[in-house]
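Student: Sharing a structure with you now.
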Amino acid sequence: MSSLEQTLSIIKPDAVDRNLSEEIKNEFKNNGFTIKQEKKVHLEKSDAEKFYLVHQSKPFYNDLCDYLSSGPIVVMVLEKENAVIANRELMGATNPSDAKEGTLRKKYGISIDKNSVHGSDSVINAQIEIDFFFKS
Ligand code: CMP
């Protein structure tokens with residue numbers, strides 16, 4: 001069954017730094033997503049730690065939070081039928097070297113850390129992540 005959903009997308013520091021934001025936003029639009037909200041932010045490390053709290057116990061947590069707060073990011077609310085899964089398919093595997101041809105991480109990712117984009121992994125987490133960045 002399909003339903004109109006929203007998901008959170010982040011263009012990460014490696015892609016913003018390489019001036020890929022507009023190109024990646026066009027990838028979303030060309031794949032049927034509507035960008036409902038958008039902002040460019042530079043997170044404090046403490047904010048990155050809150051955002052990635054689910055990964056707190058992982059060995060890469062500290063580096064991950066250092067990285068997300070290392071430069072500006074573009075945060076977007078994307079809308080489409082089944083947006084969460086559709087975005088994960090468009091992004092491809094977490095590690096760009098495992099990602100399929102044509103996916104964003106294959107095209108733009110540099111490494112498992114600098115993998116250019118983040119997307120919510122479930123409808124519940126999408127709402128939590130959207131609220132994290134956009135709830136006033
Ligand atoms: P993202 O989808 O933003 O969610 C968590 C991030 O952790 C992931 O993308 C990767 O960039 C990063 N990461 C670093 N090392 C690993 C790892 N070994 N397994 C999964 N994710 C990792």
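Student: Given the pairs Lys36/Lys106; Lys12/Lys39; Lys80/Lys114; Lys12/Lys45, which span a C-alpha to C-alpha distance of over 19 angstrom in this model?
Tutor: Over 19 Å apart, Cα to Cα: Lys36/Lys106; Lys80/Lys114.
Student: Let me ask you something else. For a protection proxy built on the mean count of beta-carbon atoms within 10 angstrom, sort 71-80, 125-134, 31-40, 10-19 highest first, please. Numbers along the way, then the final one.
Tutor: Numbers: 71-80: 20.6, 125-134: 17.1, 31-40: 14.1, 10-19: 19.0.
Most protected by this proxy first, the peptides run 71-80, 10-19, 125-134, 31-40.
Student: What is the percent of Cα-Cα separations in the stretch 4-134 that go past 21 Å?
Tutor: Roughly 34 percent, once rounded to a whole number.
Values quoted throughout were computed directly from the atomic coordinates according to the rules given, and no laboratory measurement underlies them. Everything quoted here is computed from the prediction, not taken from an experiment. As a convention, Cβ positions derive from the backbone with ideal geometry for all residues, glycine included, and neighbour counts pool all protein chains shown.
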